[in-house]
Amino acid sequence: MSYFVIIRGPLGCGKSTIAKKLAELLHAEYVSTDSLLEKLGLDKADHYEGTIPVKNFIEADEMILPDIKKKLEEGRNVVFDGCFQHKAQIEHLISNLSAAHYVFTLKAPLEVCIERDSKRKRVYGKDAARAVHNLVSRFDYGIIIDVTKSLDKVIQEILSYLPKP
């Protein structure tokens, strides 16, 4: 039985590294919602809200849902990676995909996120890290994972919640 996993958390917490490694171990499809937004030109923050509107995330989801549904029907697992700063985006995916699902919220102190961001090829900066950290931290969803430990320990913890192959 196939399922999908949502890995959410603030900028710099390691979610892409974790999601890609998880997808590799599960032989799953990897989907970066943040990259999808950028590719579709939907990654622009609303001037009044100060964040990317939820309608942009849902529009991006709608573009990929047919392909994701097909992969799940074929027995493939899917790993979504993104900030998921809007609860409605998570709920939209869950309500539109008739498969088991697991949501993990990755947690790291702001200072850790800023430090990790500063070591990337594409640095977003302290202001962006702070803003996204605040947005994502407005709510928790699913299973909370402390990502201040090693990558291997984080992966093993996440795998402990997922069905065994």
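Read-outs: derived from the displayed coordinates by stated rules, not from any lab. All of these numbers come straight from a predicted model, not from anything done at the bench. Here the Cβ positions follow ideal geometry from the backbone for every residue, glycine too, while neighbour counts run over all protein chains shown.
For the reader, a short list of remarks on this structure follows.
- Here Lys39 is the anchor, and the aspartates and glutamates within straight C-alpha reach of less than 19 Å, apart from those fewer than 8 places off in the same chain, are Glu29, Glu59, Asp61, Glu62, Asp67, Asp81.
- Neighbour-count order for His92, His133, fewest beta carbons within 10 angstrom listed first: His92, His133
- Per residue of the chain, the DSSP helices (runs of n ≥ 4 H) give a summed -39500 (n - 2.57) that works out to -15000 deg cm²/dmol at 222 nm.
- Structure note, pairs Lys55/Lys119; Lys44/Lys71; Lys44/Lys69; Lys119/Lys164; Lys20/Lys119: Cα-Cα distances above 23 angstrom occur for Lys55/Lys119; Lys44/Lys71; Lys44/Lys69; Lys119/Lys164.
- Taking GluC sites (Glu not before Pro) as exposed when DSSP calls them loop and at most 14 other C-beta atoms lie within 10 angstrom, the chain has its longest site-free stretch at 75-165.
- Listed values (1) 27.7, 105; (2) 18.3, 63; (3) 15.2, 46, entry calculated as Rg and Dmax of the Cα atoms in Å: (3)
- Computed E for Arg120/Ile94 - FRET, C-beta separation, R0 30 angstrom, nearest 0.05: 0.50
- Solution diffusion estimate, µm²/s, Stokes-Einstein, the stretch 46-116, Kirkwood Rh from C-alpha pairs, 10 °C, viscosity 1.306 mPa s: 113
- Note on Thr17 and Ser150: their simple-model spin labels are 1.3 nm apart, each label 7 Å out from Cα toward Cβ.
- Using R0 = 45 Å, the C-beta based FRET efficiency linking Tyr161 and Lys44 works out to 0.85.
- Gaussian network model of the chain, springs between alpha carbon atoms under 10 Å - residue of Cys113, Cys13, Cys83 with greatest fluctuation: Cys113
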